[in-house]
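One structure is given below, encoded as structure tokens.
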Amino acid sequence: MARMPVQLLNAAAKGFPAVLRDGLGLIGLSSITYGTWLLSHAAGFIVGGILAVGTAALLARADSEGAA
């Protein structure tokens with residue numbers, strides 16, 4: 001029973017670098033989109049959409065490679 005918190009912390013520590021990497025990526029994508037939006041409102045939405053579709057495609061590709 002006392003080992004459960006230790007196991008939970010170990011699992012969280014192993015996953016933390018991935019969470020940090022994904023968080024930094026999200027911040028970067030958001031910054032690019034916001035900067036483009038400051039230049040032109042329509043271009044901000046277009047760039048944001050392109051980045052979202054590109055990210056979804058990369059994640060789907062990674063999932064399909066991991067399942068194979």
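The values are calculated or read from the model by the stated rules, or taken from the named source; none is laboratory data. None of these values were measured; they are calculated from a predicted model. FYI the Cβ positions are ideal-geometry reconstructions off the backbone, even for glycines, and counts take in every protein chain you see.
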Does residue 13 meet the test of being on the phi < 0 side of the Ramachandran plot, loosely packed, with under 10 Cβ neighbours inside 10 Å and among the hydrophobic types (A, V, I, L, M, F, W, C)?
yes
I'd like to know if region 12-29 contains one or more residues that are farther than 22 Å from residue 62 by Cα, among the aliphatic types (A, V, I, L, M), more than 15 Å from the chain's Cα centre (by Cα) and not in a helix (DSSP H, G or I).
no
Which residues, taken from region 16-32, are exposed (fewer than 11 other Cβ atoms within 10 Å of the Cβ) and of a type in the set (Gly, Ala, Ser)?
18, 23, 31
If you take the residues of region 33-68 that are of a type in the set (S, T, N, Q) and part of a helix (DSSP H, G or I), which of them is surrounded by the most Cβ atoms within 10 Å (Cβ to Cβ)?
33
In the set 2, 42, which member is of a type outside the set (S, T, N, Q) and modelled with pLDDT of 80 or more?
42
